[in-house]
Amino acid sequence: MPRELETAVHPEKLKRVVIEPVTRVEGHGKVTILLDEDNRVHQARFHIVEFRGFEKFIQGRPYTEVPVLVQRLCGICPVSHNLAASKAMDVIVGATPPPAADKLRRLMHMGQMLQSHALHFFHLSSPDLLFGFDAEVGKRNIAGLAMEFPDIARQGVGLRKFGQEVIRMTSGKRVHGTGVIPGGMSKNLSCEDRDWLLAEIDQVVRWSQEAVNLIKRLYGDHKDFYNDFGYYRSSFMSLVREDGAMDLYHGGLRAIDDKGQTIFDHVDYSHYGDYIHEEVKSWSYMKFPFIRSQGREEGWYRVGPLARVNNCDFIPTPLAEAERKIFKEYDEGRATHATLSFHWARMIEMLHSAEAIRELLHDDDLLSNDLVNTGERQLRGVGVIEAPRGTLIHHYRINEDEQIVRANLIVATTHNNQAMNEAIRQVALQYLDGQQLTEGLLNYIEVAIRAFDPCLSCATHALGKMPLEVELINAEGARVQHLIKDSDGKHHA
Amino acid sequence: MSGTITIDGKTVPFTGGQTIMDAALEAGVYIPHLCHNPEFKPHGSCKLCVVEANGRNVTSCTMPASPDMVVINDTPELNEDRKALVQMLFVEGNHICPACEATGNCQLQAAGYYLHMQSPRFMHFYPPRRVDASHPDIFLDLNRCILCELCVRASRDIDKKNVFGISGRGIDSHLVVNSESGKLGDTNMTVTDKAAHVCPTGAILIKRKGYTMPIGKRTFDQKTLREFHLEQQKRVEPKDGPDGG
């Protein structure tokens with residue numbers, strides 16, 4: 001692993017290339033690369049330059065308000081924050097939600113997973129995968145996709161829409177709803193809404209299957225490239241169900257190392273602090289978590305779709321399980337650590353989400369009015385969920401007056417911080433080292449970051465599609481090359 | 001004294017002691033307002049209900065109706081002024097609707113919608129305001145107080161407890177709690193008090209209620225501020241005479 005690229009020995013003698021902001025990700029980040037006279041890479045870092053401050057400013061607020069407040073961390077996966085915080089508040093109100101509420105939450109979460117994965121694959125990443133990483137930049141976006149591959153674009157929009165409708169029907173709004181409350185839900189699913197979803201769901205499952213087939217085809221067409229692009233091995237962490245099944249809503253923490261050996265398994269997530277620590281580095285607002293037993297240097301890991309598909313013993317829906325087996329066996333398991341395999345795993349999860357929704361829709365509990373439980377109030381609560389981008393930890397303490405006094409949020413993108421840095425260092429060595437830089441080559445770096453589907457807004461506790469500015473500065477500090485990409489994708493020097 | 005007045009050309013009857021607001025609401029004519037509530041003596045602080053009566057701008061909730069008074073109410077100019085007042089209220093406090101439990105049930109928010117408020121317009125003050133969670137059942141968040149004094153009036157006139165008051169002058173005016181510590185938890189207020197349920201915004205919240213009311217069922221999901229206030233009038237027997245007058 002190219003760890004030596006984290007910090008150059010003599011940075012003052014090197015040229016600095018900046019990719020800022022990184023585009024087609026959620027939030028605001030930048031990449032800096034230090035090069036010598038021969039364009040050899042000496043340092044590559046992925047920095048998060050946003051500061052959000054949620055953990056601080058929710059202090060003093062009543063705990064009932066917090067699940068709705070913290071979901072404003074994000075416009076893409078607010079449901080995940082809402083659910084993780086609500087699970088923590090379930091503990092604080094001392095109540096396990098009744099079965100109907102549990103199923104409604106799971107339905108909402110699967111809708112969230114579906115829409116977020118569809119957004120990432122079709123809108124943000126497929127332009128790279130379908131047109132090529134260094135294809136004409138004006139084409140490499142969702143508009144270009146709609147022109148050349150209208151059926152694919154339409155399915156992407158349709159999948160996202162369906163997911164958003166599931167969220168609206170269970171939470172009250174497509175974005176930032178309020179249906180989940182401590183101890184349960186405030187509303188059930190209406191018969192009318194259930195019937196609408198049932199009428200659509202078979203098509204949604206079909207489209208999700210087609211999406212898996214699409215990424216398989218892309219992978220197969222360029223097998224060596226997909227296998228090798230930013231390749232490295234790492235540990236993985238995710239929740240798994242008691243029987244080892246993939247469970248995106250609830251379970252115990254499992255971590256496996258880069259050889260597939262178990263580091264820990266079925267850990268009660270309320271004790272996450274005994275297993276994971278966070279390191280702060282001066283050059284990023286985002287912390288660097290690591291698995292305590294593996295140490296600061298070697299303890300980093302990946303979370304998200306790739307981690308979940310690798311970690312689980314099986315997926316509890318048949319179509320997705322069949323795809324998981326194909327994935328695991330592909331090219332003698334080589335795909336299981338590849339950076340671009342995140343896309344493949346993500347589509348398998350999207351298929352699982354669609355199947356899970358179909359199963360849930362046949363459960364009459366969704367129409368029940370037995371929606372809330374109460375119990376004895378506690379002063380500490382931890383809620384963990386598998387958000388679209390990976391394991392999401394919310395941890396709160398309240399005082400006797402029911403105000404938040406402390407909050408700690410570890411979001412998926414934060415877990416992946418070191419891994420994303422490893423990925424860009426690999427790609428920088430593989431493709432940029434010694435080369436004259438072009439926008440297309442720099443996009444290779446972004447492709448590696450994009451594979452993780454990072455949410456930088458969430459990770460620092462803003463807005464995507466911002467303009468990209470690349471500066472090439474020589475050893476004397478003079479600017480020798482300057483490229484600007486506007487938010488509409490146009491380039492000028 | 002009784003008789004009729006005209007509001008925007010419509011003849012409206014009134015009886016002795018009624019204000020322009022009382023007469024208007026009883027006749028189903030809506031004058032936007034926030035601090036007025038027919039259950040309590042009028043107060044005249046929010047100024048949303050300002051109308052032109054016989055050529056003079058007056059607060060309709062405190063101005064007694066008089067025979068043949070000509071009132072102008074629903075004009076673009078007056079509604080624009082009302083919108084500006086609401087916009088000022090929004091920036092004077094810290095009204096973060098997306099994270100407020102009162103969203104959907106808040107009259108300030110509903111007034112914003114009713115008056116077609118599209119933006120805050122003025123610079124936010126972001127004032128540092130106190131939050132008081134000391135009461136076991138009631139949460140007091142002064143970030144959202146608009147100084148309508150409905151809690152002051154309810155506690156004084158109905159609950160007979162005088163829990164709340166206003167201190168300071170001008171821009172420094174603020175709600176205070178009548179206890180030695182200044183904390184709500186040290187008063188004799190209870191969750192069943194009228195004062196716990198009259199706040200038009202989210203400044204006084206009942207603890208542990210949170211977002212139990214789903215979207216779609218909240219007050220202003222189902223009706224406009226106008227409909228809400230006209231229905232409120234029908235439910236209540238108005239009290240006589242302006243505050244102190």
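The values are calculated or read from the model by the stated rules, or taken from the named source; none is laboratory data. The shown structure was predicted, so the numbers you read here are calculated from the model rather than taken from an experiment. Please note: Cβ atoms are built from the backbone with ideal geometry, for glycine as well, and neighbour counts cover all protein chains shown. All accessible areas refer to the heavy atoms of the entire protein, side chains included, with ligands and DNA or RNA removed. Shrake-Rupley method; radii C 1.70, N 1.55, O 1.52, S 1.80 Å.
Checked against (1) under 22 Å from B:PRO98 (Cβ atoms); (2) in contact with a Phe, Trp or Tyr (Cβ under 9 Å, 6 or more places away or on another chain), A:LEU119 passes all but condition (2).
The set of residues from segment B:41-66 being within 11 Å of the chain's Cα centre (by Cα) and either in the same structural domain as B:GLY112 (by TED's automatic domain parsing) or farther than 19 Å from B:MET88 by Cβ (or both) comprises just one member, B:PRO42.
Looking only at residues of segment A:346-359 that are surrounded by 17 or more Cβ atoms within 10 Å (Cβ to Cβ) and either within 14 Å of another protein chain (Cβ to nearest Cβ) or among the acidic types (Asp, Glu) (or both), we find that the one that is farthest from the chain's Cα centre (by Cα) is A:GLU355.
Applying the criterion of at least 3 residues that are modelled with pLDDT of 75 or more to the helices (runs of 4 or more DSSP H) found wholly in segment A:381-493 leaves A:412-415, A:417-427, A:439-451. Can you find even one residue in segment B:140-155 that is within 14 Å of another protein chain (Cβ to nearest Cβ), in contact with a Phe, Trp or Tyr (Cβ under 8 Å, 6 or more places away or on another chain) and closer than 22 Å to A:LEU69 by Cα? Looking through segment B:140-155, none of the residues is within 14 Å of another protein chain (Cβ to nearest Cβ), in contact with a Phe, Trp or Tyr (Cβ under 8 Å, 6 or more places away or on another chain) and closer than 22 Å to A:LEU69 by Cα. Per this entry, A:ARG308 is not counted among residues that are part of a helix (DSSP H, G or I) and surrounded by fewer than 18 Cβ atoms within 10 Å (Cβ to Cβ). Being open to solvent by 20 Å² or more (accessible area, probe 1.4 Å), away from chain A (no Cβ under 14 Å) and basic (Lys, Arg) is a description that applies to B:ARG169.
Quick check, is B:ASN94 within 14 Å of chain A (Cβ to nearest Cβ), surrounded by fewer than 20 Cβ atoms within 10 Å (Cβ to Cβ) and not in a helix (DSSP H, G or I)? So B:ASN94 passes the test. Tell me, please, whether a residue that is over 26 Å from the mean Cα position of the chain (by Cα) and either part of a loop (DSSP other than H, G, I, E, B) or under 25 Å from A:LEU432 (Cβ atoms) (or both) can be found in segment A:43-54. No, the conditions are met nowhere in segment A:43-54. Can you tell which of A:ASP313, A:ASP274, A:ASP243 is open to solvent by 70 Å² or more (accessible area, probe 1.4 Å) and over 24 Å from A:VAL91 (Cα atoms)? Answer to the check: A:ASP313. Restricting B:VAL131, B:VAL58 to those that are of a type in the set (A, V, I, L, M, F, W, C), open to solvent by 10 Å² or more (accessible area, probe 1.4 Å), at pLDDT 95 or above and within 30 Å of A:ASP401 (Cα to Cα) reduces the list to B:VAL131. The residue that is farthest from the other protein chains (Cβ to nearest Cβ), counting only those in segment B:175-232 that are basic (Lys, Arg) and crowded, with 17+ Cβ neighbours inside 10 Å, is B:LYS194. Just wondering, is there one or more residues in segment B:82-90 that are open to solvent by 40 Å² or more (accessible area, probe 1.4 Å), within 14 Å of another protein chain (Cβ to nearest Cβ) and among the aliphatic types (A, V, I, L, M)? No - not one qualifying residue is present in segment B:82-90.
Here is the figure for segment A:136-193: residues that are among the basic types (Lys, Arg) and either more than 30 Å from B:LYS209 (Cα to Cα) or in contact with a Ser or Thr (Cβ under 7 Å, 6 or more places away or on another chain) (or both) total 5. Checking B:ASP137, B:ASP81 one by one, the residue that is charged (D, E, K, R) and within 25 Å of B:MET213 (Cβ to Cβ) is B:ASP137 and no other. Scanning segment B:87-112 for residues that are farther than 16 Å from B:CYS148 by Cα and of a type in the set (D, E, K, R) turns up just one, B:GLU101. Out of A:LEU114, A:LEU104, one residue alone is within 20 Å of A:GLU386 (Cα to Cα), touching a helix residue (DSSP H, G or I) at 6+ places or on another chain (Cβ under 7 Å) and within 14 Å of chain B (Cβ to nearest Cβ). It is A:LEU104. Selection of helices (runs of 4 or more DSSP H) fully inside segment A:91-178 by the criterion of at least 3 residues being among the hydrophobic types (A, V, I, L, M, F, W, C) and surrounded by 24 or more Cβ atoms within 10 Å (Cβ to Cβ) returns A:99-118, A:150-171. Among the residues of segment B:2-35, those identified as part of a loop (DSSP other than H, G, I, E, B) and open to solvent by less than 10 Å² (accessible area, probe 1.4 Å) are B:ILE31, B:PRO32, B:HIS33, B:LEU34, B:CYS35.
For segment A:188-217, residues that are in contact with a helix residue (DSSP H, G or I) (Cβ under 8 Å, 6 or more places away or on another chain), open to solvent by 40 Å² or more (accessible area, probe 1.4 Å) and within 14 Å of chain B (Cβ to nearest Cβ) total 1.
Checking each residue in segment A:25-78 for being away from every other protein chain (no Cβ under 14 Å), closer than 30 Å to A:ASN399 by Cβ and among the hydrophobic types (A, V, I, L, M, F, W, C) picks out A:PHE51, A:CYS77. Just one of the listed residues (A:HIS343, A:HIS362, A:HIS337) is of a type outside the set (D, E, K, R), touching a helix residue (DSSP H, G or I) at 6+ places or on another chain (Cβ under 9 Å) and buried (at least 24 other Cβ atoms within 10 Å of the Cβ), and it is A:HIS343.
Selection of segment A:382-411 for residues being closer than 30 Å to A:ALA354 by Cβ and either of a type in the set (Lys, Arg) or within 14 Å of chain B (Cβ to nearest Cβ) (or both) yields only A:ARG389.
When the residues of segment A:367-397 are filtered to those that are of a type in the set (A, V, I, L, M, F, W, C) and out of contact with any helix residue (DSSP H, G or I) (no Cβ under 6 Å at 6 or more places or on another chain), which remaining residue is least open to solvent (accessible area, probe 1.4 Å)? Show your work before the answer.
To start, the set of residues in segment A:367-397 that are of a type in the set (A, V, I, L, M, F, W, C) comprises A:367, A:371-372, A:379, A:382, A:384-385, A:387, A:392-393.
Now narrow it down to the ones that are out of contact with any helix residue (DSSP H, G or I) (no Cβ under 6 Å at 6 or more places or on another chain): A:367, A:372, A:379.
Values: A:LEU367: 45, A:VAL372: 65, A:LEU379: 73 Å².
By that ranking, first place goes to A:LEU367.
I'd like the full set of residues that are modelled with pLDDT of 90 or more and in contact with a Phe, Trp or Tyr (Cβ under 7 Å, 6 or more places away or on another chain), limited to segment A:67-83. If the condition is that a residue be modelled with pLDDT of 90 or more and in contact with a Phe, Trp or Tyr (Cβ under 7 Å, 6 or more places away or on another chain), then A:VAL68, A:VAL70 are the ones that fit.
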